[in-house]
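See structure below.
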Amino acid sequence: MHPLVIIVLGGTLLTVAGIAFGGTFLLRVASGGVPANDLQKAFFRAGHAHAGVLVTLGLLIAVLTHAVGASPGWSAAGTVAVLGSAILIPAGFFLSVLGPEPERPGRMFVSVLLGAACLTAGVLISGVAVLAAGLAAL
């Protein structure tokens, strides 16, 4: 595995502490300790859930593509794209509903859409890289 990818994975593992802190934030929102309207509550939950799932998926893709002997370049591209989505999607959910009483998501919601594009590209790149490694091993 390329050293740059290893560094990215190490940094990604450290983000799990931030995701855990997000869980405590959600508990404060749910208990009324942090005032939030229904839109904010829904978007905060979505942002937290996407962060955890996408970080896990990014780490899995990194290990999987390395384990099957996929091209290091394509493996890194797929991994970084999925991990990028793990930043963009939650950021869009959280930042698009900042403010005292938002009635609809703000401009930062575009980050969710960009993250979805990164996620799609990363999964497609990784899937093709794994298939190519499998076909080459035949």
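What follows draws every value from the coordinates through simple rules; no lab data is involved. As the structure is a computational prediction, the values presented were derived from the model and not from experiment. Neighbour counts are summed over all protein chains in view; Cβ atoms, including those assigned to glycine, are modelled from backbone coordinates with ideal geometry.
Would it be correct to say that Ala116 is touching a residue at least 24 places away in the same chain (Cβ under 8 Å), surrounded by fewer than 20 Cβ atoms within 10 Å (Cβ to Cβ) and small (Gly, Ala, Ser)?
It is true that Ala116 is touching a residue at least 24 places away in the same chain (Cβ under 8 Å), surrounded by fewer than 20 Cβ atoms within 10 Å (Cβ to Cβ) and small (Gly, Ala, Ser).
Quick one: how many residues across the range 72-105 are within 13 Å of His2 (Cβ to Cβ), buried (at least 17 other Cβ atoms within 10 Å of the Cβ) and more than 15 Å from the chain's Cα centre (by Cα)?
Total satisfying the criteria: 3.
So which residues in the range 62-114 are under 15 Å from Gly127 (Cβ atoms), part of a loop (DSSP other than H, G, I, E, B) and of a type in the set (A, V, I, L, M)?
Val68, Ala70
Given the criteria of a type in the set (A, V, I, L, M, F, W, C), free of Cβ contacts under 8 Å to residues at least 60 places away in the same chain and touching a Gly at 6+ places or on another chain (Cβ under 7 Å), does Val55 qualify? Talk me through it step by step, then tell me what you get.
On the way: of a type in the set (A, V, I, L, M, F, W, C): yes; free of Cβ contacts under 8 Å to residues at least 60 places away in the same chain: yes; touching a Gly at 6+ places or on another chain (Cβ under 7 Å): no.
The answer is no for Val55.
In the set Leu39, Leu26, which member is surrounded by 12 or more Cβ atoms within 10 Å (Cβ to Cβ), in contact with an Asp or Glu (Cβ under 9 Å, 6 or more places away or on another chain), in a helix (DSSP H, G or I) and among the hydrophobic types (A, V, I, L, M, F, W, C)?
Within the list Leu39, Leu26, the selection yields Leu39.
Quick check: is even one residue across the range 63-81 under 21 Å from Val112 (Cα atoms), small (Gly, Ala, Ser) and in contact with a Cys (Cβ under 8 Å, 6 or more places away or on another chain)? Even if it seems obvious, please write down each step before you answer.
Start the filter on the range 63-81 by keeping residues that are under 21 Å from Val112 (Cα atoms), which leaves 77-81.
Filter again for small (Gly, Ala, Ser), leaving 77-78, 81.
If we keep only those that are in contact with a Cys (Cβ under 8 Å, 6 or more places away or on another chain) as well, we get 81.
Within the range 63-81, one or more residues are under 21 Å from Val112 (Cα atoms), small (Gly, Ala, Ser) and in contact with a Cys (Cβ under 8 Å, 6 or more places away or on another chain).
I'm checking my understanding of the structure. Among residues of the range 119-138 that are surrounded by fewer than 12 Cβ atoms within 10 Å (Cβ to Cβ) and not small (Gly, Ala, Ser), which one is nearest to the chain's Cα centre (by Cα)?
It comes out as Leu135.
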